[in-house]
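Take a look at the structure below.
Nothing in this text is a laboratory measurement; each read-out follows from the coordinates by a stated rule. Keep in mind it's a predicted model, so treat the numbers as computed, not measured. Here Cβ is always computed from backbone atoms with ideal geometry, including for glycine, and neighbour counts include all displayed protein chains.
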Amino acid sequence: MSHDLVVRNGTVVSVEHGTFRADVAADDGVVSAIARPGALDGDEVVDATGKHVLPGAIDPHVHYGLYRDYATDHETETHGDLVGGVTTVGNIFRRPGTYTDIMDGYFEQSEANSYHDYFYTLGILSPEHVAEIPDIVADLGITTFKWYYLYKYMTRTKFGLDNDLTDDVGDGMIQALAGVDAPTTLGYHAENVEITRSILEPGDPDADYHAFRERYPGYAETQSMVAGASLAKLHDYDESFYTVHISSAGTADEIAALRAAGYDLWGETCPQYLVYTADDCDARMKVTPPMRDATDRETLWRRLADGTLSCIGTDHVCNTLDEKLGDDLWETGLAFSGTQTMLPLVLSEGVNEGRISLERAVAVTSTNTAKAWNLYPKKGTIRVGSDADLVVVDLDETKTVTPELLQAGSDYSIYEGMAVTGWPTHTIVRGRVVFEEGEVTGEKGYGTHVDRPV
């Protein structure tokens with residue numbers, strides 16, 4: 001029997017089944033067989049000898065259309081993602097309108113322009129959004145939502161709404177999600193805005209990154225996370241409560257303490273917090289939460305290794321230096337790209353530096369993420385019947401990061417000039433080779449929405 005595609009003689013890495021040499025076959029877009037090396041024949045064969053075969057990476061935390069045209073972001077960013085072995089992203093999206101009325105147009109843009117699969121996470125900004133949660137799940141196939149605690153007192157000016165995003169709205173969204181007859185997830189931006197509101201005010205034009213960081217102390221993140229998790233626990237929803245972009249050692253340690261006390265919750269950190277400290281940062285790295293100290297960085301790695309932190313996302317936003325940089329730090333915009341370098345950085349700084357195992361790297365970049373965001377087992381695993389999203393990686397290959405290498409929309413990378421060891425040689429989305437030896441071979445429009453529940 002000949003299969004559509006066979007990835008031959010690689011070392012498969014599976015969270016469920018360990019690490020073993022095997023052939024992996026795909027037919028009609030899904031994994032159809034896993035067998036001893038050399039046992040399977042395919043119409044197309046990828047030789048993975050000497051390399052590792054991982055489930056495609058999933059970045060659950062991207063924002064498209066913030067600086068640039070929405071459709072353009074879908075095109076350029078999903079194109080570049082294939083270079084980094086990412087096969088699915090979660091676009092965290094917020095608009096003031098009724099989602100059941102406005103999403104069709106955004107779906108059309110996403111479907112026409114995406115090189116790989118994607119899902120939506122919708123920001124809940126108002127009681128009206130809370131009321132439509134059951135219809136969003138039933139009609140749109142979207143089961144993941146976000147509580148932007150930083151917008152607590154900003155919804156009127158930023159979105160033109162007539163409500164604040166106070167705890168009564170948050171309480172309503174948790175109760176509504178807990179009442180839906182489907183697995184759901186609530187992403188939570190932890191930030192005590194009474195403490196951090198001064199971050200929006202101009203400061204000394206000669207200030208450096210440390211001055212910016214001081215306006216966002218780690219304890220403001222930690223306190224907010226604990227408060228949000230407590231509310232979720234009171235509604236028996238803590239197993240679906242997911243704190244995004246954790247930057248502080250204190251927050252990671254408090255998640256460990258909450259789990260010891262009986263909470264079951266998810267924590268995500270980002271590559272920028274695992275690579276840089278505030279001492280390394282300039283205006284290009286301006287983001288909230290900011291990079292912190294070496295102690296925070298090493299604690300995040302330790303908590304990633306011991307299972308306290310479950311996932312990695314990037315908080316990816318595409319912009320150019322002209323769009324981002326202002327006259328000083330306070331006039332400079334927030335955010336930067338990160339999806340294309342997510343998996344290579346985890347392999348380079350985590351696996352190759354001995355901080356985490358390869359199986360743990362697969363867990364935090366794919367398998368756990370699929371479980372947390374209601375994609376598993378369609379995504380996040382190499383098993384018969386799952387989507388044939390695969391990435392073949394060479395753990396020994398070193399490349400220097402440049403915008404040209406990443407083949408996406410930004411003209412800079414905060415990791416530019418960094419030597420990174422561990423890169424994909426092939427990326428496969430639903431059984432189709434879409435990146436091969438430095439060249440994107442996939443087509444715009446091949447990517448599709450992952451309807452959930454799956």
* Asked: Counting only residues that are buried (at least 19 other Cβ atoms within 10 Å of the Cβ), within 25 Å of the chain's Cα centre (by Cα) and either farther than 15 Å from THR144 by Cα or free of Cβ contacts under 8 Å to residues at least 40 places away in the same chain (or both), how many does region 158-184 have?
  -> 1
* **Residue list for region 26-54, restricted to those being of a type outside the set (Gly, Ala, Ser), surrounded by fewer than 14 Cβ atoms within 10 Å (Cβ to Cβ) and farther than 20 Å from VAL450 by Cα** => ARG36, ASP41, ASP43, THR49
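Quick check: anything in region 104-113 surrounded by 18 or more Cβ atoms within 10 Å (Cβ to Cβ), part of a strand (DSSP E or B), polar (S, T, N, Q) and over 17 Å from the mean Cα position of the chain (by Cα)?
Among the residues of region 104-113, not one is surrounded by 18 or more Cβ atoms within 10 Å (Cβ to Cβ), part of a strand (DSSP E or B), polar (S, T, N, Q) and over 17 Å from the mean Cα position of the chain (by Cα), which makes the answer no.
Select from region 142-157 the residues that are buried (at least 17 other Cβ atoms within 10 Å of the Cβ), outside any strand (DSSP E or B) and of a type outside the set (Lys, Arg) and list them in ascending order.
Passing the criteria: ILE142, THR143, TYR149, LEU150, TYR151, MET154, THR155.
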* Structure fact -> Every listed condition ((1) in contact (Cβ under 8 Å) with a residue 60 or more places away in the chain; (2) touching a Ser or Thr at 6+ places or on another chain (Cβ under 6 Å)) holds for LEU321 save (2)
* To do: Could you tell me whether ILE124 is within 19 Å of VAL193 (Cα to Cα), surrounded by 23 or more Cβ atoms within 10 Å (Cβ to Cβ), in contact with a strand residue (DSSP E or B) (Cβ under 7 Å, 6 or more places away or on another chain) and not charged (D, E, K, R)?
  => yes
* Have a look at GLY262, GLY307 and point out the one that is farther than 21 Å from PRO344 by Cα and surrounded by fewer than 18 Cβ atoms within 10 Å (Cβ to Cβ). => GLY262
* Asked: Is it fair to say GLU268 is of a type in the set (D, E, K, R) and in contact with a Pro (Cβ under 8 Å, 6 or more places away or on another chain)?
  -> yes
* Give, as residue ranges, the helices (runs of 4 or more DSSP H) completely inside region 209-303 that count at least 3 residues that are touching a residue at least 40 places away in the same chain (Cβ under 8 Å), in contact with a Cys (Cβ under 9 Å, 6 or more places away or on another chain) and closer than 30 Å to VAL180 by Cα. => none
* Among the residues listed as THR299, THR339, THR320, the single one being of a type in the set (Ser, Thr, Tyr) and surrounded by fewer than 19 Cβ atoms within 10 Å (Cβ to Cβ) -> THR320
* May I ask you to list the residues in region 134-183 that are under 14 Å from ARG94 (Cβ atoms) and among the hydroxyl-bearing types (Ser, Thr, Tyr)? => THR144, TYR148, TYR149, TYR151, THR155
* To do: Please go through region 84-103 and pick out each residue that is over 16 Å from the mean Cα position of the chain (by Cα) and either more than 25 Å from GLY338 (Cα to Cα) or buried (at least 24 other Cβ atoms within 10 Å of the Cβ) (or both).
  => PRO96, GLY97, THR98, TYR99, THR100, ASP101, ILE102, MET103
